[in-house]
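Structure first, commentary second.
Throughout, read-outs are computed from the coordinates displayed, never taken from laboratory work. On a predicted model such as this, the values are computed, not experimentally measured, just so you know. Positions of Cβ are backbone-derived with ideal geometry, glycine not excepted, and every protein chain shown enters the neighbour counts.
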Amino acid sequence: MSRIYVVTDVEVDGPTPGENSMLSFASVAIDEHARDIDEFEAVIETLDGATSDAATMAWFKTQPEVLAAATENPKPAAEVISSFINWVRMLPGDPIFVAHPISFDGPWIDFYLREFAGTRLLKGPWVGERLFYEAGMCLRSYASGKLGWPLSKCDTENYLPKWMGYQPHSHRAIDDARGYAKLLITLMTDK
């Protein structure tokens, strides 16, 4: 089977999955030939008992359009995660989770998959089902290797706009996932 890269971005109201909530997330699926396959976007209800981080919410108050996009018409988390799982399983190949960086977005998606569907993000030594093929891909680390840059330089403000398909990094999950998908395509095809 072919590989499908599921480039994902999350927007959250704090740093810790479970203590805080994921507000929205989006994924853009591309194949190993750098072709766009499909997109998924969702806004999620906050978790019962979770709190919002004051510093994160102070930033959101300076970005009202971002907060609106991340909170408008939320759906129950169980419903969203079920739809996401079905979407990933319908992709025409082995799905590989990709995020920039995976160390931030990955734990959020893993927490929600585990909490609301009893599955995991990636394969590991534990018993249970996993949604994605093998280990995920850290796009930030991949960019560092392909570009020969220090990891600390691999950030949206340092990438050429054309590398991200001229997609603004707006902090709306779908915009950012699209930009990162274009970055992955650039790195796979041009560098």
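Other residues whose C-beta falls under 12 angstrom from the C-beta of D105 contribute a net charge of -3, scoring Lys and Arg +1 and Asp and Glu -1. Based on DSSP H segments of at least four residues, each scored -39500 (n - 2.57), the chain has a per-residue ellipticity at 222 nm of -11500 deg cm²/dmol. The mean sequence separation of alpha-carbon pairs under 8 Å and at least six residues apart, normalised by the residue count of the chain, gives a relative contact order of 24 percent.
Restricting to DSSP loop positions (anything but H, G, I, E, B) with no more than 14 other Cβ atoms inside 10 Å of their own Cβ, which trypsin sites (Lys or Arg not before Pro) remain in the stretch 32-110?
In loop regions of the stretch 32-110 (DSSP not H, G, I, E or B), the sparsely surrounded trypsin sites (Lys or Arg not before Pro) are R35.
Given R0 = 25 Å, the distance between the Cβ atoms of S2 and S141 translates into a calculated FRET efficiency of 0.65. The gain in end-to-end length when the L151 to E45 segment is fully stretched comes to 34.8 nm, 0.36 nm per residue minus the alpha carbon separation. This ranking places E11, E157 by how few other beta-carbon atoms lie within 10 Å of each, fewest first, which gives E157, E11.
Counting other C-beta atoms within 10 Å, which of Y180, Y142 has the fewest, and how do the rest follow? Provide the component values of the computation, followed by the final result.
Working: Y180 28, Y142 19.
With the sparsest Cβ surroundings first, the list reads Y142, Y180.
Computed over the chain with a Gaussian network model linking Cα atoms closer than 10 Å, the most mobile of L91, L121, L23 is L91. Legend: ranking of residues Y133, Y5 from fewest to most surrounding C-beta atoms inside 10 Å; resulting order Y133, Y5. How much net charge surrounds K75 when only other residues with a Cβ under 13 Å from its Cβ are counted (Lys, Arg +1; Asp, Glu -1)? Counting the neighbours of K75, the net charge comes to -4. Result for the chain in a Gaussian network model with C-alpha springs under 10 Å: among W163, W108, W87, the largest mean-square fluctuation is at W87.
Full extension of the segment from A68 to R89, taken as 0.36 nm per residue of separation minus the current Cα-Cα distance, would add 4.6 nm.
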